[in-house]
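As structure tokens, the structure follows; a few thoughts come after it.
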């Protein structure tokens, strides 16, 4: 019995380390591993499990940002002065200033895509956490 309690304590500590890695690096895989480890804690560790659920919820809430309407575009249009269609390669733009503006817009759109993916992954982790918390309360 003491061995299983020690193993559960190690599991809880590992979940806390993974959660800290998520906080520092924004590694969603580490967050998901922490969620899974918290869900697997045995009943005698219910207090530790509740503390982990609170910490996980807090970490997710800290990173979640409400939709600000600044979503990425599927096909970015170059400056209108070019007369070129959306999605054209930057090297198709002869004017260096317009090409540079378009390249900056493409890079900003890539950042928006990354933010949207990150927020979606957080939302999925939040839903998974809520489901597993509910399951653990019913055990």
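For this structure, a couple of remarks:
- Restricting the range 129-139 to residues that are outside any loop (DSSP other than H, G, I, E, B) and in contact (Cβ under 8 Å) with a residue 12 or more places away in the chain, the residue that is nearest to the chain's Cα centre (by Cα) is 129.
- Residue in the range 59-76 that is farther than 30 Å from residue 11 by Cα, under 32 Å from the mean Cα position of the chain (by Cα) and assigned to a helix (DSSP H, G or I) present: no
- Any hit, the range 63-77, residues being surrounded by 14 or more Cβ atoms within 10 Å (Cβ to Cβ) and closer than 20 Å to residue 31 by Cα: yes
- The lone criterion from (1) surrounded by fewer than 15 Cβ atoms within 10 Å (Cβ to Cβ); (2) modelled with pLDDT under 95; (3) part of a helix (DSSP H, G or I) left unmet by residue 50 is number (1).
Table: residues versus (1) surrounded by 12 or more Cβ atoms within 10 Å (Cβ to Cβ); (2) assigned to a helix (DSSP H, G or I); (3) more than 28 Å from the chain's Cα centre (by Cα).
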position: 84; (1), (2), (3): yes, no, yes
position: 100; (1), (2), (3): yes, yes, yes
position: 103; (1), (2), (3): yes, yes, no
position: 120; (1), (2), (3): no, yes, no
position: 127; (1), (2), (3): no, yes, no
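The values are calculated or read from the model by the stated rules, or taken from the named source; none is laboratory data. Quick caveat, the model's predicted, so the values are computed rather than measured. Don't worry about glycine lacking a Cβ; one is built from the backbone with ideal geometry, like all the others, and counts go over all protein chains shown.
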